[in-house]
Amino acid sequence: MLRDITLGQYYQTESVIHRLDPRVKLAGTLLYIISLFLFENIAGYIVAALFLALVIGLSHVPFKFMVRGMKAILFLLLITVLFNLFLTPGEALVSLWKLTITREGLHNAVFMALRLCYLIIGSSVMTLTTTPNHLTDGMEKGLRPLKFFRVPVHEVAMIMSIALRFIPILLEETDKIMKAQIARGADFESGNLIKRAKAMVPLLVPLFISAFRRANDLAMAMEARCYHGGEGRTKMKPLVYRRRDRLAYLCILLYLGCKATVGILL
Amino acid sequence: MKLPRQERNKMALTVEHVSYIYDPDAPLSHKALDDISLTIPEGQFIGVIGHTGSGKSTLMQHLNGLVKATSGHIYYGGRDIDARDYDKKELRSKVGLVFQYPEHQLFEVDVFSDVCFGPKNLGLERGEVERRAREALAKVGVPEELYDQSPFDLSGGQKRRVAIAGVLAMQPEILILDEPTAGLDPKGRREILDQIRQLQTQTHITILLVSHSMDDVAEYVDRIIVMNGGKIVYDDIPRKIFKCYRELEKMGLGAPQVTYILHTLKENGLPVDTDITTIQEAADSIMQALDSFRITGP
């Protein structure tokens, strides 16, 4: 139940995409998302789909794992489609009672849905092929220029990597405490909203206590190893751009070029 | 308390060909349980031994319906616990499961209300709930002056007792304890184990004691189930199990230290009984052997 959240879950396998520098993947995902919002037309969406399909093919991650991430936004997707479908003014296609579906509405709904799907799948590809640690490493190095503006890049990256690292641990912990309380006759599934909220207390109190305990232990362990922030800290495996990373950048540029050309010409 | 044969059969927990696969879709899925079959008669004190990851905890979670078997059936009182009309809540009150590090589940403001949580969930009256809580706390040896304290202020051993009482207060017929001594010092370990044995001899409740340490269970239990790689490898009385101590070592388990001492003594010419499992028996056997030496002379 809790494990259905794909976003931020790494799929272990061997592929070119897995080996790419995280900075490439971060920049690529960002550019891809931006490209989705520029040059709206059918040909443009086909180009975007082809590019996505190519990357998914190269990543060796089964497609169903990408779709799993979609489940979480199904509701959002539905609302977006419905609102666009019924609330866009324009030339009427079908009229049902007070609701009217317009040509523009249909157009918007379809494209908005496609865009959201591409967006989620696109970012899932990144998180499925990059370990959280790699991701924050990439972020830390990629955002280093911001240090100039006194942004605590290292600290933010460290906070993020700890938070990401703790997600599976806390999920497991939740699962365990939940089972322990169910074994004592707790009921998390029935009753009205207030009753259910009350039923969460035996779950949340132990969970918070354990989270604080873990945070304390971690802080102690970091201090014991002389952690004192990012100043002068070196890495065991520093990020270095290789040939495949340059090639990947080239591919992304090529895609952007294609998308722009198609968007302008057609 | 002796029950007629038919009644006893009704009470037994039966596991038939149960397999369980973790996360079948994941790239690294594996069989946590592989075709497990066993019966648990009423009143037995059973030790379940296995290395970390042998599937013992997973099996225990099947027994009270927390985890559903991928294939196979579990019967409690002759009825399939996965049947649609089976009341899981009632099953959980009959098969009490104390998790590893049970003190992590404490949440109430004081010890007494935490122990009341279980019986209260059974929908019992207030008076009955409190009576059961008192009884359970007494059974695990928590003194009354601690009842009003916050469970978080107690020592590790006391927290664990309170947590065990929380399950006992539901008055289960089968009590499963998953590594009840994990993380305790030797004194705390002994105390908890002695308390569990006392509980068993006084109430004749069926107990499954899960552990990875042979020393923990050897002295106490009637029967040992050894698990390895999701399968049951041995299921017998302790002295027969420890005869295979070489095989047990290969699974990373080994026999109790008594067994090793006795075997070494015998190899060096002292005629002791190597099938013994408790320290007291071993001491007697060694004294006897030494006496016979003294009479005949070396």
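Quick check: from the Cα gyration tensor, does chain A come out rounded (a/c under 1.5), prolate or oblate? It comes out oblate by the Cα gyration axes.
If you bin all the Cα-Cα distances of the stretch B:179-298 at 5 Å, starting from zero, the percentages per bin are 2, 10, 18, 20, 18, 15, 9, 5, 3, 1, 0.
Based on C-alpha pairs under 8 angstrom that are at least 6 apart in sequence, chain A has a relative contact order of 30 percent. Quick check: the distance between the Cα centres of the stretch B:125-159 and the stretch A:222-266, to the nearest angstrom? What the calculation gives is 58 Å, centre to centre.
Let me know the shape class of the stretch B:155-246, please: from the alpha-carbon gyration tensor, a ≥ b ≥ c as square roots of the eigenvalues, rounded when a/c is under 1.5, otherwise prolate if a/b is greater than b/c, or oblate. The shape class here is prolate.
Straight-line cross-link partners of A:Lys237 among the lysines, defined as a Cα under 18 Å from its Cα and at least 8 positions apart when in the same chain: A:Lys25, A:Lys141.
In order along the stretch A:39-51, the phi-based Karplus estimate (6.51 cos²θ - 1.76 cosθ + 1.60, θ = phi - 60°) of 3J(HN,Hα) comes to 6, 7, 6, 4, 4, x, 5, 5, 4, 4, 5, 4, 4 Hz; Gly and Pro are listed as x. Pairs of Cα atoms in the protein assembly as shown fall into 20 Å distance bins, from 0 up to the last occupied one, in shares of 16, 38, 31, 13, 2, 0 percent. Taking θ as phi - 60° and the Karplus parameters 6.51, -1.76 and 1.60, the scalar couplings of the stretch A:255-266 work out to 4, 4, x, 4, 4, 5, 4, 4, x, 7, 6, 9 Hz in sequence order, x denoting glycine and proline. Largest GNM mean-square fluctuation across A:Ser161, A:Ser35, A:Ser95, computed for chain A with C-alpha springs under 10 Å, falls on A:Ser95.
Counting only helical runs of four or more DSSP H residues, what would the 222 nm mean residue ellipticity of chain B come to if each run contributes -39,500 (n - 2.57) and the total is spread over all its residues? Value at 222 nm, helices only: -12500 deg cm²/dmol. Under 5 Å from the amide H of B:Ala32 lie the amide H atoms of B:Tyr20, B:Ile21, B:Tyr22, each residue being 5 or more positions distant or on a separate chain, with H modelled from the backbone and absent for Pro and chain starts. Filter the cross-link list B:Lys56/B:Lys94; A:Lys179/B:Lys68; A:Lys179/B:Lys56; A:Lys176/B:Lys31; B:Lys187/B:Lys250 down to pairs whose alpha-carbon distance in this structure exceeds 23 Å. Over 23 Å apart, Cα to Cα: B:Lys187/B:Lys250. Here the dipole of the protein assembly as shown is about 2100 debye; that uses its Cα centre as origin and unit charges on the Cβ of Lys and Arg (positive) and Asp and Glu (negative). Structure remark: mean-square fluctuation, Gaussian network model of chain B, C-alpha springs under 10 Å; the largest value among B:Pro41, B:Pro238, B:Pro180 belongs to B:Pro41.
Between B:Ser213 and any residue 5 or more places off or on another chain, the built amide H atoms are never under 5 Å apart.
Whole-Hz Karplus values for the stretch A:55-66 come out as 5, 4, x, 5, 7, 6, 9, x, 4, 5, 6, 5 Hz, taken residue by residue from phi with 6.51 cos²θ - 1.76 cosθ + 1.60 and θ = phi - 60°; glycine and proline positions read x.
Along the charge dipole of the stretch B:256-298, Cβ charges K/R +1 and D/E -1, which of B:Ile286, B:Thr259, B:Gly269 sits furthest on the positive end? It is B:Gly269.
Here the dipole of the stretch A:148-266 is about 400 debye; that uses its Cα centre as origin and unit charges on the Cβ of Lys and Arg (positive) and Asp and Glu (negative).
For the stretch B:71-155, the set of trypsin sites (Lys or Arg not before Pro) satisfying both a DSSP loop assignment and a count of at most 13 other C-beta atoms within 10 Å is given as B:Arg84. Taking a point 7 Å from the Cα of A:Asp187 along the Cα-to-Cβ direction, the residues of the stretch B:80-95 with backbone N closer than 12 Å to it are B:88-90. For B:Asp235, the amide hydrogen comes within under 5 Å of the amide hydrogens of B:Val226, counting only partners 5 or more places away or on other chains and with H modelled in the peptide plane. Between A:Lys179, A:Lys141, A:Lys235, the GNM of chain A built on Cα springs shorter than 10 angstrom shows A:Lys235 fluctuating the most. Remark: relative contact order (the stretch A:1-142) = 42 percent; criterion is Cα-Cα distance under 8 angstrom and separation of 6 or more residues.
Nothing charged except the Cβ atoms of Lys and Arg (+1) and of Asp and Glu (-1): what's the magnitude of the dipole of chain A about its Cα centre? Round to the nearest 20 debye.
It works out to roughly 480 debye.
When you work out D = kT/(6 pi eta Rh) for the stretch A:1-134 at 25 °C and 0.890 mPa s, using the Kirkwood radius from C-alpha pairs as Rh and the Stokes-Einstein form, the result is 151 µm²/s. Ranking A:His18, A:Ala224, B:Val109 by how far each Cα lies toward the positive end of the dipole of the protein assembly as shown (charges on Cβ) leaves A:His18 at the top. Note on A:173-183: average number of Cβ atoms from other chains within 10 Å of each residue's Cβ is 6. In terms of its Cα atoms, chain B spans 71, 50, 46 Å along the principal axes, sorted from long to short.
Of all lysines in the structure, those lying under 16 Å Cα to Cα from B:Lys139, and not within fewer than 8 positions of it along the same chain, are B:Lys159. Between B:Arg126 and A:Asp217, the distance separating the two model label sites (each 7 Å from Cα on the Cα→Cβ line) works out to 4.0 nm.
Values quoted throughout were computed directly from the atomic coordinates according to the rules given, and no laboratory measurement underlies them. Keep in mind it's a predicted model, so treat the numbers as computed, not measured. Using ideal geometry, Cβ is built from the backbone for each residue, glycine included, and neighbour counts are taken over all protein chains shown.
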